[in-house]
Amino acid sequence: MGYKQSLEDTMGYKVRIQRVDRPTNRSFYLNFPAPIADAVNMQKGEELEWLIEDRNTFIIKRVKPHNSFRPKK
């Protein structure tokens, strides 16, 4: 897919998955940490898309890309 980067180029934040069982469905929730949202200027209501690279790597990306905050090399 071309999304792999070296660890020195990435920023990480640990979160836990929350599972909610309701009579009609089961859902899993993942909180988006405020420090990460602030760092990438995330706005309320933005659409995001999940990509699954493999069983251990999940990528979330904006549907409408913003300009990169990383300087070009």
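The values are calculated or read from the model by the stated rules, or taken from the named source; none is laboratory data. Every value quoted in this text rests on a predicted model; they were computed, and no experiment measured them. When we count neighbours, we look across all protein chains shown, and the Cβ atoms used for this are built from the backbone with ideal geometry, even at glycine.
Check whether at least one residue in the range 10-17 is modelled with pLDDT of 90 or more, in a loop (DSSP other than H, G, I, E, B), small (Gly, Ala, Ser) and exposed (fewer than 10 other Cβ atoms within 10 Å of the Cβ), and report yes or no. Within the range 10-17 (the criterion being modelled with pLDDT of 90 or more, in a loop (DSSP other than H, G, I, E, B), small (Gly, Ala, Ser) and exposed (fewer than 10 other Cβ atoms within 10 Å of the Cβ)), the answer is no, since none of the residues qualifies. For the range 22-47, enumerate the residues that are farther than 22 Å from HIS66 by Cα, part of a loop (DSSP other than H, G, I, E, B) and among the polar types (S, T, N, Q). Correct list: THR24, ASN25.
Candidates are the residues of the range 48-73 that are assigned to a loop (DSSP other than H, G, I, E, B) and modelled with pLDDT of 90 or more; the one that is farthest from VAL15 (Cα to Cα) is LYS64.
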